[in-house]
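Here the structure comes first, spelled out in structure tokens, and everything after it is commentary.
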Amino acid sequence: MKSGFLVILTAALFALSATAHAAPEAEEGNSAYLSGKFEEAAQAYEKALETKGASASLLYNLGNTYYRMGEFGPAILAYERALALDPRAADIQTNLRQAREAAAAFDESHQPAPWEAPVHWLSFNEWAVVCAVALGLLAAVSLAQGLFLSGKKIAAVRWAAVISAVVLFISITALVLRLSDLNRAIVLTPDARVRLSPFETADTVATLKAGWAVQVEGEHDGFYRIRNGWISRNDAALVHEPSAAR
């Protein structure tokens with residue numbers, strides 16, 4: 001645990017410096033964090049997310065703050081959201097793994113097969129951009145084929161069309177495989193109740209620890225439907241929800 005704490009503390013110092021010249025609220029959060037006023041820091045980072053919008057560095061700092069407060073559910077949610085924006089960030093991956101270990105949090109959401117690993121090299125939004133660019137290039141080279149009717153130019157245009165089509169196919173496949181990410185949620189509260197039906201008076205069928213990842217299969221009247229029942233939206237949040245981590 002001590003080594004994990006040092007990882008989070010050291011990485012946090014780099015993240016704080018990365019947001020030092022961002023929103024004023026982020027600077028307030030940095031100052032509060034370094035002074036050990038973690039509740040004030042969390043409030044400042046939350047406000048910065050509302051005013052400036054989500055960024056991997058802000059969410060990472062928020063995750064570090066909640067971790068120091070012992071609130072593993074919100075910490076894991078913030079790390080997950082940061083990782084969704086920057087999937088190749090080793091420091092976010094490390095701190096997320098450390099937070100899960102500290103919370104003894106399991107992942108009940110869709111687990112990608114080993115062959116799906118390349119799909120996670122880019123974020124969902126990055127794959128969407130690649131798809132849009134490939135589609136635009138394919139349309140452009142298709143139009144260009146009508147302008148270059150012979151010789152080396154037409155051959156080059158055809159090769160460009162083939163490459164664009166391949167990239168388009170790969171990006172669409174990646175987006176389809178990543179669709180389950182949009183329904184991934186993190187349990188925020190300790191011993192969150194899973195109910196038999198979407199009502200506060202319904203019987204409890206299970207409890208989940210803060211930080212557990214679940215797959216949302218539907219929604220009804222303030223509840224998420226998950227694999228073994230219904231959980232209140234007050235007790236869980238979607239990773240890809242527009243709002244900032246609680």
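The values are calculated or read from the model by the stated rules, or taken from the named source; none is laboratory data. Every value quoted in this text rests on a predicted model; they were computed, and no experiment measured them. All Cβ positions, glycine included, derive from the backbone under ideal geometry; neighbour counts span all protein chains shown.
Take R233 and decide whether it is of a type in the set (K, R) and touching a Phe, Trp or Tyr at 6+ places or on another chain (Cβ under 7 Å). Yes, satisfied.
Residue pairs whose Cβ atoms lie under 6 Å apart, sitting 6 or more positions apart in sequence or on different chains, and linking a residue in region 21-36 that is assigned to a helix (DSSP H, G or I) to a partner that is at pLDDT 90 or above and among the aromatic types (F, W, Y), are G29/Y45. Looking only at region 32-46, residues that are farther than 13 Å from N61 by Cβ and either among the hydroxyl-bearing types (S, T, Y) or not assigned by TED's automatic domain parsing to the domain that holds R68 (or both) come to 1 in all.
Here is a yes/no grid of residues against (1) buried (at least 16 other Cβ atoms within 10 Å of the Cβ); (2) in the same structural domain as G73 (by TED's automatic domain parsing); (3) more than 18 Å from the chain's Cα centre (by Cα):
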residue	(1), (2), (3)
T189	yes, no, yes
A192	yes, no, yes
R195	yes, no, yes
E200	no, no, yes
T204	no, no, yes
L208	yes, no, yes
Q215	yes, no, no
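Residue count for region 217-231 satisfying the condition of being at negative phi and more than 23 Å from the chain's Cα centre (by Cα): 2.
Whenever a residue of region 143-170 is under 24 Å from V129 (Cα atoms) and not assigned by TED's automatic domain parsing to the domain that holds H120, it has no partner that is surrounded by 14 or more Cβ atoms within 10 Å (Cβ to Cβ) and modelled with pLDDT of 90 or more lying with C-beta atoms less than 6 angstrom away and at least six residues away or across chains.
Would you pick out the residues in region 49-58 that are surrounded by 15 or more Cβ atoms within 10 Å (Cβ to Cβ) and either in a helix (DSSP H, G or I) or modelled with pLDDT of 95 or more (or both)? It would help to see each step written out before you state the result.
Initially, region 49-58 is screened for residues surrounded by 15 or more Cβ atoms within 10 Å (Cβ to Cβ), giving 49, 52, 54-58.
If the condition is that a residue be surrounded by 15 or more Cβ atoms within 10 Å (Cβ to Cβ) and either in a helix (DSSP H, G or I) or modelled with pLDDT of 95 or more (or both), then L49, K52, A56, S57, L58 are the ones that fit.
Reported count of residues in region 1-48, each being at pLDDT below 50 and more than 19 Å from E71 (Cβ to Cβ), is 10.
Looking at region 92-106 only, could you name the residues that are farther than 11 Å from G211 by Cβ and crowded, with 19+ Cβ neighbours inside 10 Å? Outline the logic, then answer.
Start the filter on region 92-106 by keeping residues that are farther than 11 Å from G211 by Cβ, which leaves 92-95, 97-98.
I92, N95, Q98 - these are the residues of region 92-106 that are farther than 11 Å from G211 by Cβ and crowded, with 19+ Cβ neighbours inside 10 Å.
With respect to G73, determine if the residue is at positive phi, assigned by TED's automatic domain parsing to the domain that holds L34, under 17 Å from the mean Cα position of the chain (by Cα) and modelled with pLDDT of 80 or more. Write out each step before concluding.
Details: at positive phi: no; assigned by TED's automatic domain parsing to the domain that holds L34: yes; under 17 Å from the mean Cα position of the chain (by Cα): yes; modelled with pLDDT of 80 or more: yes.
No, not satisfied.
What number of residues within region 151-208 are over 30 Å from V141 (Cβ atoms) and modelled with pLDDT of 90 or more?
Going through region 151-208, the residues over 30 Å from V141 (Cβ atoms) turn out to be 180-208.
Checking which are modelled with pLDDT of 90 or more leaves us with 183-208.
Residues in region 151-208 being over 30 Å from V141 (Cβ atoms) and modelled with pLDDT of 90 or more: 26 in total.
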